[in-house]
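Remarks on the structure that follows.
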Amino acid sequence: MRAAVLQDKQVLTVREVPDPVAGPGEVLLEVRASAVCGSDIHRYLRGHRTYPIILGHEAAGVIRSAGEDVDPALIGRRAALIPLLPCHVCEQCRAGRFSACVTYSFVGSRRDGAFAELVALPARNVLPVPDTLAFESAALIEPSTVARHMLDLGGFVAGGSAVVLGAGSIGLMLVQWLRVLGASLIVATDVVPENLEVARLVGATVTLDAIREDVPAEICRLTGAGVDLTLEATGSPAALAQTIDVTRPRGAIVLGGNQPLDATLPMEFIERLMRKELTLAGCFMSYSAPWPGHEWTEGLAAVLDGGLDMDAMISHRAALSDAPQLFAAIAAHQLSHRKIVFDPTR
């Protein structure tokens, strides 16, 4: 089969590799759509722990074969890929904290992923979807679950106000979920005008250009004391520093952006956090009990009923053979994008 293989730091090649085989308890997914996650870009730019590796974990396709002890009725079904492979038996897994499993694996980072024509994975790691659902929409259920999980971590309730710092892929999913779940005010910030335009399209009440506007001042003007929930989705230290200012006393902050590891925060951040009695939470993945969690079942339902607009998330559609050029363009800051979706059949 053909696959886009990360050979080394910033060395991505499309080449022939052996077909994977579905082992006991596994299925073989013929990939029809595979989207680029920010973590894929991170691994391309900064390097990965091991090479070679096939990246890609936001994907959907058709189940072509099944190994032993798998329901044969799954063969031929469309399905979205569920990338986390926890052990399901440790203390954390039994408690439903699957992302805290100390022996977990992950499709596209710890085992070969879906930037390929085929991917093998456990049968419990596919989410069957209707035949009427477009493959690219099914592939984007995974990032929608991260946003839905962030709202759980922040204790969001209908009627609450929220600011989304960063209108990239996760940020735009957050805006959509806030709309679906009945937020009274949705503020989205970004530095890219096109992202703000899409944020307005999918449900933001107010959009703010973080370069041209004083975000904390504008949010205080809109709300008085700040929003109920702040969702940081940029990975920017500057945005992180603003989270305290834009959140009301005893409000909540959820961090979903990957911050640079060499950045630091002044202790004043903690002092202000304490004085406002804020709740601060981090988000790592998107799972809950029963496996894989309501984030996934609600995500599928919201796509099917039109609550989540997946077309608006996509800026580029490309053949898998174009992956090396597209990743190189991203590395050279020559490609502004939202979701890039590869078609492995091309």
Legend entry - the range 141-297, dipole about Cα centre (Lys/Arg Cβ +1, Asp/Glu Cβ -1), debye to the nearest 20: 420 debye
Inset, instruction - Compute the distance in nm between two label points, each set 7 Å from the Cα along the Cα-to-Cβ direction, one at Ala225 and one at Asp8. - result: 5.7 nm
Inset, instruction - Could you tell me the accessible area of Trp291 in Å² (1.4 Å probe, neighbours in place), rounded to the nearest ten? - result: 60 Å²
Legend entry - At 1.567 mPa s and 4 °C, Stokes diffusion of the chain via Kirkwood alpha-carbon radius, µm² per second: 63 µm²/s
Inset, instruction - Express as a percent, rounded to the nearest 5, the fraction of DSSP beta bridges in the range 1-129 (both residues included) that run antiparallel. - result: 95 percent
Legend entry - Accessible-area value, His316, 1.4 Å probe, nucleic acids and ligands omitted, Å²: 50 Å²
Inset, instruction - Starting from the Cα-Cα distance between Leu45 and Ala241, subtract it from 0.36 nm times their residue separation and give me the gain in nm to one decimal. - result: 68.1 nm
Inset, instruction - Output the antiparallel fraction of DSSP beta bridges having both residues in the chain, as a percent to the nearest 5. - result: 55 percent
Inset, instruction - Report, in debye and to the nearest 20, how large the dipole of the chain comes out about its Cα centre when Lys and Arg carry +1 and Asp and Glu carry -1 on their Cβ. - result: 320 debye
Legend entry - the range 1-91 - Debye-derived log10 I(q)/I(0), Cα point model, q = 0.10, 0.17, 0.18 Å⁻¹: -0.32, -0.88, -0.96
Inset, instruction - Just the number, please: percent antiparallel of the DSSP beta bridges in the range 74-197, rounded to the nearest 5. - result: 45 percent
Inset, instruction - About the Cα centre of the range 24-65, how large is the charge dipole given +1 on each Lys and Arg Cβ and -1 on each Asp and Glu Cβ? Please answer in debye to the nearest 20. - result: 160 debye
Inset, instruction - Return the carbon/sulfur percentage of the accessible area of the range 53-153, one whole number, probe 1.4 Å, all protein chains in place. - result: 49 percent
Legend entry - Extension gain, Glu271 back to Ile75 (0.36 nm per residue minus Cα-Cα distance, nm): 65.0 nm
Legend entry - Charge-dipole axis of the chain as Lys and Arg at +1 and Asp and Glu at -1 on Cβ define it, positive-most pick from Leu185, Val102, Pro249: Val102
Inset, instruction - Kindly rank 240-251, 157-168 from highest to lowest mean number of other beta carbons found within 10 Å of each residue. - result: 157-168, 240-251
Inset, instruction - Can you tell me the equivalent ellipsoid semi-axes for the range 236-346? Use √(5λ) from the Cα gyration tensor, largest first, whole Å. - result: 34, 23, 13
Legend entry - Residue-averaged [θ]222 nm for the chain, counting only DSSP H segments that reach four residues, each worth -39500 (n - 2.57): -8500 deg cm²/dmol
Legend entry - Accessible surface of Asp8 - all protein chains present, 1.4 Å probe, nearest 10 Å²: 80 Å²
Inset, instruction - Would you mind working out the accessible area per residue for the range 213-260, using a 1.4 Å probe, and quoting it in Å²? - result: 39 Å²
Legend entry - Per-peptide average of other Cβ atoms within 10 Å, ordering 117-123, 317-323, 211-217 highest first: 117-123, 317-323, 211-217
Legend entry - Whole-percent carbon and sulfur share, accessible surface of the range 274-330, 1.4 Å: 55 percent
Inset, instruction - Describe numerically, in nm with one decimal, the distance between label points set 7 Å from Cα along Cα→Cβ at Gln92 and at Ala281. - result: 1.7 nm
Inset, instruction - Work out, step by step, the length gained on full extension between Ala318 and Asp214: first 0.36 nm times the residue separation, then minus their alpha carbon distance; give nm to one decimal. - result: 33.7 nm
Inset, instruction - Project the alpha carbons of the range 288-343 onto their principal axes and report the range along each, largest first, in whole Å. - result: 41, 23, 20
Legend entry - Shape of the range 160-248, Cα gyration tensor, a/c cut at 1.5: rounded
Inset, instruction - Roll a 1.4 Å probe over the protein chains and send me the accessible area per residue for the range 126-188 in Å². - result: 26 Å²
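The values are calculated or read from the model by the stated rules, or taken from the named source; none is laboratory data. Owing to the predicted nature of the structure, the values given are computational and were not obtained by experimental measurement. Please note: Cβ atoms are built from the backbone with ideal geometry, for glycine as well, and neighbour counts cover all protein chains shown. Heavy atoms of the whole protein, side chains included, go into the accessibility calculation; ligands, DNA and RNA do not. Shrake-Rupley method; radii C 1.70, N 1.55, O 1.52, S 1.80 Å.
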